[in-house]
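The structure appears right after this line, and notes come after that.
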Amino acid sequence: MLIVAVFAAAPALASAQVSLASVVDFAQRNSSTVKLAEADVRKAQAALDQTRDAFIPNFAIGSTIGYSYGFPTGQPSVGSATMQSLVFSYSQREYMKAARAGLDAANLRLKDAREEVALDASNTYIELDTVHRELDATRQQESFAADLVKIEQQRVDAGVDSALDLLQARLTAAELKLKRLHLETRSATLAKQIAALTAMPIGSILPDRASIPEIPAVTANQAPRRLLGIEAAGALARSKQLQARGDDLAWRRPQFGFGAVYNYDSNKLNNYSTYYQNFTPNNVSFGIQITVPFFDFALRAKAKETAAEALRATVEAEQMQRQDEVRIAELTGSLRELDTLAEVASLKQQIADGQLKAVLAQLELGNGAISSLGAQPQPGPKAEQLARIDERQKFQEALDAGLDLAKARLNLLRALGHMEDWLGELHGK
């Protein structure tokens, strides 16, 4: 009975309103870009640990038991233990600094990837909500157009209007049907995009308009904050520079290492004592190893290679900075135009709403004109349906303009480094 009840309730539970904050969280957890960035962070942390662990002595045990006849060719070690570590190295210090800068770059790229996913999820969510509202308005228009066709048919039958007026009404209804089909296709595409972002079933997420906070109207005059992508590129360039410095010091400076070996030797499987006097089973050796490079052209070539990589990373960071400045300028210019377009669309919608109210008032109370030559005719049901269709059309145009403005503002927030403010407001709503 429980299973039957669950399956019976499944269609009702198939779609539910989900807040924008939840969609952003789902998208960030599901994003392959974020997962790759997290893997890079773990890799960078391991690289830093590796450079530091070079100073920690390692310990290994082994055995080389074997039989020998005649003059012994190897040490008769039954068991051995070795320990070695790096004591001091000029280049290793630079490698540690480089690994730490690489970890900083990986963490910044992770934050940048999370912000990029949040931007994509927010844009898709807001657009899906807008399309749903436009679909509702288009269905209302279709209902008004159907009434308009009926009214025109009656007027044509009564000889008041011509057949051309009926064809025009039918054309309006057909255009609205085509528009509805286009919006339904667009809605289905956005639902698939949301599903791909969040790994949720297609169509299971319905937008909750109340969960969308107001997008701050930032401008390019505000100083950019932390630009994570640029900071990550700068940290990577520093890491490459420190790596190049370490490689350069590797063939210029000596390094010091420590080593210790213990062997337990046996004379049972060989005749070691015949050739070597004072044979003892326990043997220990330890000491400091000093390496001074004189002629190591391989290290010199490697230093030149990493120096070239550091130069390339530095230029790429500078190029990213310039590209971001150009992008901010482009977004600022388009934002001013979209802001004005949204204002114009809102005013047109208000005018259409006022005209609809005037037509409805005249239908109810009359237009106050005296029946005489030249007087304005009393509006009829046809004028009412046309006014309703026009008001819904202007309403959709205002929604489209608002959507373009919202996307431009979000992109500018991201470009100026204010995305954290948006995410904080999003989760606090």
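The values are calculated or read from the model by the stated rules, or taken from the named source; none is laboratory data. Because the structure is predicted, anything quoted here is derived from the model rather than measured. Please note: Cβ atoms are built from the backbone with ideal geometry, for glycine as well, and neighbour counts cover all protein chains shown.
Structure notes:
- Among the conditions (1) outside any helix (DSSP H, G or I); (2) modelled with pLDDT of 90 or more; (3) touching an Asp or Glu at 6+ places or on another chain (Cβ under 9 Å), the only one that SER91 does not satisfy is (1).
Residue-wise test of (1) within 36 Å of the chain's Cα centre (by Cα); (2) surrounded by 13 or more Cβ atoms within 10 Å (Cβ to Cβ); (3) of a type in the set (A, V, I, L, M, F, W, C); (4) not in a helix (DSSP H, G or I).
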site	(1), (2), (3), (4)
GLN153	no, yes, no, no
LEU166	no, yes, yes, no
ALA169	no, yes, yes, no
ALA173	no, yes, yes, no
ARG180	yes, yes, no, no
LEU183	yes, yes, yes, no
GLN193	yes, yes, no, no
LEU197	yes, yes, yes, no
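- Some residue of the range 273-286 being under 57 Å from the mean Cα position of the chain (by Cα) and either closer than 21 Å to ASP53 by Cβ or surrounded by fewer than 14 Cβ atoms within 10 Å (Cβ to Cβ) (or both): yes
- The residues in the range 266-286 that are within 18 Å of THR82 (Cβ to Cβ) and touching a Gly at 6+ places or on another chain (Cβ under 9 Å) can be counted, and the count is 2.
- Filter pass, GLY203 being within 32 Å of the chain's Cα centre (by Cα), buried (at least 17 other Cβ atoms within 10 Å of the Cβ) and small (Gly, Ala, Ser): no
- Filtering ARG238, ARG245, ARG225, ARG252 for residues that are within 30 Å of ASP104 (Cβ to Cβ), within 40 Å of the chain's Cα centre (by Cα), charged (D, E, K, R) and assigned to a loop (DSSP other than H, G, I, E, B) leaves a single hit, ARG225.
- Just one of (1) over 24 Å from the mean Cα position of the chain (by Cα); (2) assigned to a helix (DSSP H, G or I) fails for GLU330. It is (1).
- Any pair with Cβ under 6 angstrom, 6 or more apart, that starts in the range 17-34 at a residue that is under 19 Å from LEU110 (Cα atoms) and in contact (Cβ under 8 Å) with a residue 24 or more places away in the chain and ends at one that is aromatic (Phe, Trp, Tyr) and not in a loop (DSSP other than H, G, I, E, B): VAL23/TYR125
- Looking only at the range 272-304, residues that are without any contact (Cβ under 8 Å) to a residue 24 or more places away in the chain, not in a loop (DSSP other than H, G, I, E, B) and not polar (S, T, N, Q) come to 4 in all.
- Residue match in the range 206-215 (condition: in a strand (DSSP E or B) and more than 30 Å from ILE56 (Cα to Cα)): yes
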